[in-house]
1. Of (1) in contact with a Leu (Cβ under 9 Å, 6 or more places away or on another chain); (2) assigned to a helix (DSSP H, G or I); (3) at pLDDT 95 or above, residue 164 satisfies all except one. Which?
2. For residue 212, all conditions in the list (1) part of a helix (DSSP H, G or I); (2) surrounded by 13 or more Cβ atoms within 10 Å (Cβ to Cβ) hold save one; what is the number of the exception?
3. Counting just the residues of the stretch 122-140 that are surrounded by fewer than 24 Cβ atoms within 10 Å (Cβ to Cβ), among the hydrophobic types (A, V, I, L, M, F, W, C) and within 21 Å of residue 92 (Cα to Cα), which one comes out nearest to the chain's Cα centre (by Cα)?
4. Just to confirm my filter: which strands (runs of 3 or more DSSP E) fall fully inside the stretch 1-65 and include at least 3 residues that are under 25 Å from residue 131 (Cβ atoms) and at pLDDT 70 or above?
5. Could you go through the stretch 266-283 and let me know if any residue there is at pLDDT below 95, loosely packed, with under 15 Cβ neighbours inside 10 Å, polar (S, T, N, Q) and under 25 Å from the mean Cα position of the chain (by Cα).
6. Name the helices (runs of 4 or more DSSP H) wholly within the stretch 222-268 that hold at least 1 residues that are of a type in the set (D, E, K, R) and in contact with a Pro (Cβ under 9 Å, 6 or more places away or on another chain)?
7. Of the conditions (1) over 21 Å from residue 54 (Cβ atoms); (2) among the aliphatic types (A, V, I, L, M); (3) out of contact with any strand residue (DSSP E or B) (no Cβ under 7 Å at 6 or more places or on another chain), residue 150 satisfies every one except a single condition; which number is it?
8. Condition first: out of contact with any Phe, Trp or Tyr (no Cβ under 9 Å at 6 or more places or on another chain), surrounded by 15 or more Cβ atoms within 10 Å (Cβ to Cβ) and part of a loop (DSSP other than H, G, I, E, B). Now tell me which residues in the stretch 97-112 satisfy that.
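The values are calculated or read from the model by the stated rules, or taken from the named source; none is laboratory data. Note that the structure is a prediction, hence the values are computed from the model and not measured. Here the Cβ positions follow ideal geometry from the backbone for every residue, glycine too, while neighbour counts run over all protein chains shown.
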Amino acid sequence: MDQDNKINHKIHVELFVTEDKRSAALGEFNNHLDNMLPKIKKKKEKKDHLPYIQIKNIKYQMIPTGRELEIFLKLLTDPKQPISESLSSVQNDLKKIKIPAPIKIYILPTCPHCPTAVSQVLSLAQASIYINPVIIDGNLFPELIEADDVKSVPTIILDTRFRWNGTVQPKEFVNTIINRDPSQLSTATLKSMIEDGKAVTLARMMIENDIIFPAFPELLIHSKWPIRLGAMVVYETITDENIELAAGVIPYLWEKFDNTDDTDNQVKGDILYLMGISGKTDTALKIKSVLKKGYSKEINEAAEDALLMLNKQTKLP
């Protein structure tokens, strides 16, 4: 069948590759798409995690074959397909989803029931950009299936806290997404929001709920700079609107200051920066104590800058 004759739109498929050896297999599959779908537009980027293929809000950590390939090609050639009749009962409920819902769907190529589960969740994801599934081949990524303690397929995991084996009841599935307590979102979910460029959205969620999500402070001392930077953007946004709420993070950061595995002092410097914009007057004593402990010149300079920032906010002497 000439797939190109069906296409009157650009197809955007992103291949994220790393030094991981499985990047080659995903890349080879991506190259085959040129023959099947000549209008496809691809972009390659290097990321500091496992490789995957992405179409909008849907990720693939697998090489689709058989029925899975049919579902994949339909996703590309018919991106605006209407929600299936079996899922029409949740169409209005999908509009209520405002918090990103990261979902893992573990499958095996030989599983007869997996394509049904994948098709069902992808149909929901096409109807709501907040539903972000990743389809994972347990054979290709055995370390992931082990880490999530998956014993059978298909297994569907929502935000690390909810899981279903086999297919799901759409009403139950969507209601679980809607009714999640945002304060209980996992560190992995918050990290995913930052990686997807939703730092301001995350900040607004905490401001509107008047709470710092328990899993959030950990991201402020994350070992990877892009994650830490995104978390700092979240924190800055919160300080701009609710400085008392933002100040609640300071005890955690101070506790971690001397316990960070940070040979180049970058995390310590970032902690001091956050303390400096916190607007909490008693933070000055903590920052001044840093200057008395014989840290490196770099840390002392960061502490002095933090005191200056704090002074501007609080008019300290």
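1. Residue 164 satisfies every listed condition except (2).
2. (1)
3. 129
4. On the way: elements: 11-17, 40-46, 52-55, 58-61.
Once the strands (runs of 3 or more DSSP E) in the stretch 1-65 are filtered for at least 3 residues that are under 25 Å from residue 131 (Cβ atoms) and at pLDDT 70 or above, what remains is 11-17, 52-55, 58-61.
5. Scanning the stretch 266-283, I find no residue that is at pLDDT below 95, loosely packed, with under 15 Cβ neighbours inside 10 Å, polar (S, T, N, Q) and under 25 Å from the mean Cα position of the chain (by Cα), so the answer is no.
6. Correct list: 250-257.
7. Going through the list (1) over 21 Å from residue 54 (Cβ atoms); (2) among the aliphatic types (A, V, I, L, M); (3) out of contact with any strand residue (DSSP E or B) (no Cβ under 7 Å at 6 or more places or on another chain), residue 150 breaks only (3).
8. Passing the criteria: 108, 109, 111.
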